Amino acid sequence: MKMTATSNVSGVKQQHDISLMLIAVACALAILFTVLFLSILPFDRQIVARRDYIVYWATGQQLVHHHNPYDPGALNQIERDAGFKGGTSYYMRNTPWALPIAVPLGFFGVQVAALPWSLLMLALLAVSVRLLWKMLGEPGRHLDWLGYCFPPALFCVILGQTSVILLFGFVLFLRLHKSSPFWAGAALWLCTIKPHLFLPFALVLLVWIFVARAWRILAGSLVAMVVDGVITAIVDPSAWSQYIYYMRTSNTTREFTACFGDLLRDAINPNAEWLAFVPAILGSIWALVYFWPRRRQWDWLEHGSLLLLVSLLVAPFGWIFDQSLALPAVLVGAVRTRSKLMLSLLALMYILVEVEVNRYDLHSRAYLWTAPAWLLWYVFARASTREPAAVPVAAPTMS
């Protein structure tokens, strides 16, 4: 018996050491790639021009000069003058209320603003992880590094994309929805920059607001949208008409992204754009079925994390960097799980994503596995949740 107990302890310790080693390797690679990239960014114009950042900068240039931010000819000229050499010009695909975000970039040169823009995204990532870690009780074990080094989020930083802004808005909502519901609702405006990533989540949120009578959250969201609408109208009074014309005349919606909505559409009829929304419709039905029995004990950190993973899985279109929104679920699962095997698998997933983003084009089907992988990992990690310590029962006193 003594030998068996010793061998069991040794096996657990070895498994623990392996999981920590894999996590350290995954995080070290992520940090290395990010630091190297940011170090050379200010000095290489071609790298600046190849990133998605270029579209936000070009849009900012158009807005500052009171020109159409969706003009293909003008954007193409601005981007190529900046060093972009792609086949077609880049556009901001976000809805017009995201235009104010790009305005500050229009006051600076393409290289001058590039590094501060990425550092801003990195700061938002760091603040988001820190807030999440506090909400989780700061459990130690250095697992917060899994948040700081989350590959889709760091890839978002490297590309100069905006998905980390959505993550920040979601985390603010989680942090404030009990203590400051009005500001929690206002924070959700940041998530509307890419509303297609939140379809099942948004449906449940609306139903929850009515069930929980969380009217201040609704008020905060509406006020934020009105304020943003006013700012957008000041920045570009014709934003909506320009955007609608752009959507009608471009082929953007037919572009393939590594998600099941686009996969379904292309498999059945590439011209039937509505097919890409079928998974989102099914996901929304599941979300309501999942929410209703739990409506009285609904927890946005615990239940909302799973809901957001499903929303990413069924999104009509999306990129690997949009999966920055999976970060809260990953941290929740990593903290709650008692399985070192699950932590090892998570580290291996990190490494695989890090390899893929350095090898495959963003349009590659090689990324199709990632959204279901985060979801499946979270489900199994939560199934191996750490049990709370048993509270000792006091012995009855003799009277």
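Each row is one residue, and each column tells you yes or no for (1) closer than 27 Å to LYS340 by Cα; (2) modelled with pLDDT under 90.
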site	(1), (2)
ASN8	yes, yes
GLN15	yes, yes
ILE18	yes, yes
VAL25	yes, no
LEU29	yes, no
LEU32	yes, no
GLN46	no, yes
ASP52	no, yes
THR59	no, no
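Going by the conditions given, is LEU143 farther than 30 Å from ILE281 by Cα and surrounded by fewer than 18 Cβ atoms within 10 Å (Cβ to Cβ)? No: the conditions fail for LEU143. Kindly check whether there is at least one residue in the range 177-188 that is in contact (Cβ under 8 Å) with a residue 60 or more places away in the chain and hydrophobic (A, V, I, L, M, F, W, C). No; the residues of the range 177-188 include none that is in contact (Cβ under 8 Å) with a residue 60 or more places away in the chain and hydrophobic (A, V, I, L, M, F, W, C).
Of the residues making up the range 254-271, those that are farther than 21 Å from PHE321 by Cα and of a type in the set (Asp, Glu) number 1. Among residues of the range 358-375 being in a helix (DSSP H, G or I) and either of a type outside the set (A, V, I, L, M) or modelled with pLDDT under 90 (or both), the one that is farthest from PHE150 (Cα to Cα) is ARG365.
For the condition farther than 23 Å from ALA187 by Cβ and open to solvent by less than 70 Å² (accessible area, probe 1.4 Å), GLY137 does not qualify. Scanning the range 220-250 for residues that are open to solvent by 40 Å² or more (accessible area, probe 1.4 Å) and among the aliphatic types (A, V, I, L, M) returns LEU222, VAL223, MET225, VAL226, VAL227, VAL230, ILE231, ALA233, ILE234, ILE244, MET247. When the criteria are applied in full, ARG80 fails the requirement of being of a type in the set (Lys, Arg), open to solvent by 10 Å² or more (accessible area, probe 1.4 Å) and within 21 Å of VAL157 (Cβ to Cβ).
Restricting to the range 376-399, count the residues that are crowded, with 18+ Cβ neighbours inside 10 Å and modelled with pLDDT of 95 or more. Break it down into steps so the answer makes sense when it comes.
Taking the range 376-399 and keeping what is crowded, with 18+ Cβ neighbours inside 10 Å, we get 377-378, 381.
In the following step, the residues that additionally are modelled with pLDDT of 95 or more were identified as 377-378.
Summing the residues that are crowded, with 18+ Cβ neighbours inside 10 Å and modelled with pLDDT of 95 or more in the range 376-399 gives 2.
Listed by first and then second residue, the pairs with beta-carbon distance under 8 Å, at least 6 apart or on different chains, first residue in the range 94-111 and in contact (Cβ under 8 Å) with a residue 12 or more places away in the chain and of a type outside the set (D, E, K, R), second in a helix (DSSP H, G or I) and open to solvent by 60 Å² or more (accessible area, probe 1.4 Å), are PRO96/TRP240; TRP97/MET225; PRO100/ILE231; VAL110/ARG45; GLN111/ARG45.
Every residue, every condition in (1) in a helix (DSSP H, G or I); (2) among the hydrophobic types (A, V, I, L, M, F, W, C); (3) open to solvent by 20 Å² or more (accessible area, probe 1.4 Å), yes or no:
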residue	(1), (2), (3)
ALA153	yes, yes, no
VAL164	yes, yes, no
SER179	no, no, yes
ALA187	yes, yes, no
CYS191	yes, yes, no
PRO200	yes, no, no
VAL204	yes, yes, no
PHE210	yes, yes, yes
ILE217	yes, yes, no
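When ALA114, ALA123 are checked against the criterion of being assigned to a helix (DSSP H, G or I) and touching a residue at least 24 places away in the same chain (Cβ under 8 Å), a single residue qualifies: ALA114.
The values are calculated or read from the model by the stated rules, or taken from the named source; none is laboratory data. Owing to the predicted nature of the structure, the values given are computational and were not obtained by experimental measurement. Quick reminder, even Gly has a Cβ in these numbers, built from the backbone with ideal geometry, and neighbours come from all protein chains shown. Please note that ligands, DNA and RNA were not included when accessible areas were found on the heavy atoms of the full protein model with its side chains. Shrake-Rupley method; radii C 1.70, N 1.55, O 1.52, S 1.80 Å.
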